[in-house]
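Reviewing the structure listed below.
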Amino acid sequence: MATSKALAYLESRKNLTGSGAGLVGLVLTFTGVAGTYWPVVVAGLYGAGALIAPPERPPLPDFPTPSAQLEEVRADFRTLETYLAEVGLPASTEARLTELTGLLSALLDPGWAAELLAQDPEGVHVLSRTVRQDIPEAVDSFVRTRWWTRLTPGQEPPERHLERQLALLKEEAGQLAAGLRDTETRRQETHTRYLEDRNK
């Protein structure tokens, strides 16, 4: 531990700047400017150089890349699918949920769409929030509300809220897919213009 700290100091900006200033002190000594006080001049210049050197910057934190985050979302999506299979939703909401999970599955499948999505951190965040928070919360609140509705009939059925929530989530995922499609369309148009310009 002490050895690594000593080696780190030898490579530090403070030591390198101080050593450069100390070398200036040696040059002053050999030219006769420092005189008999040359050790004080060299040590003083080394100390001054070490004091004025900028501090070491800590390394940047190593956050996961969007590709790694997307891989985690895929794993969470598989867990979510298992949870949804165990819940047993009514047939009226099952169709909307199947549409939503089909769209999410298509977005998360490895391939060119996932590669394009990995370049969009905001899109990864939207998918992550949908898979990890929005769908589980919607289904869980439906299950809890359905139990209370059985005890107090005559209330608005919780299926309506779940259907509306799933429709909104599907709309959001559809907007994400449309944004990715637009990105690919712009890429294709740009390549077409490049080829046209090249052939002029």
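The values are calculated or read from the model by the stated rules, or taken from the named source; none is laboratory data. Worth saying up front: this structure is predicted, and the values here are computed from it rather than measured. Here the Cβ positions follow ideal geometry from the backbone for every residue, glycine too, while neighbour counts run over all protein chains shown. Surface accessibility is based on the protein's heavy atoms, side chains included, excluding ligands, DNA and RNA. Shrake-Rupley method; radii C 1.70, N 1.55, O 1.52, S 1.80 Å.
What to note about this one:
- Just so you know, in the range 138-161 the residues that are modelled with pLDDT of 90 or more and within 20 Å of Gly102 (Cβ to Cβ) include one that is nearest to the chain's Cα centre (by Cα), and it is Ala138.
Each row is one residue, and each column tells you yes or no for (1) basic (Lys, Arg); (2) modelled with pLDDT of 85 or more; (3) surrounded by 17 or more Cβ atoms within 10 Å (Cβ to Cβ).
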residue	(1), (2), (3)
Gly44	no, yes, no
Arg78	yes, yes, no
Pro90	no, no, no
Leu104	no, yes, yes
Ala113	no, no, no
Val124	no, yes, yes
Thr130	no, yes, yes
Gln133	no, yes, no
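- Filtered residues of the range 143-168 (kept if of a type in the set (A, V, I, L, M, F, W, C) and either open to solvent by 70 Å² or more (accessible area, probe 1.4 Å) or under 23 Å from Val73 (Cα atoms) (or both)): Trp147, Trp148, Leu151, Leu162, Leu166, Ala167, Leu168
- Residues in the range 48-74 that are aliphatic (A, V, I, L, M), under 30 Å from His125 (Cβ atoms) and surrounded by 14 or more Cβ atoms within 10 Å (Cβ to Cβ): Leu70, Val73.
- Residue-level analysis places Leu108 outside the set of residues that are under 32 Å from the mean Cα position of the chain (by Cα), closer than 20 Å to Val73 by Cα, at pLDDT 85 or above and open to solvent by 30 Å² or more (accessible area, probe 1.4 Å).
- In the range 174-200, of all residues being closer than 21 Å to Ala106 by Cβ and among the β-branched types (Val, Ile, Thr), the one that is modelled with the lowest pLDDT corresponds to Thr183.
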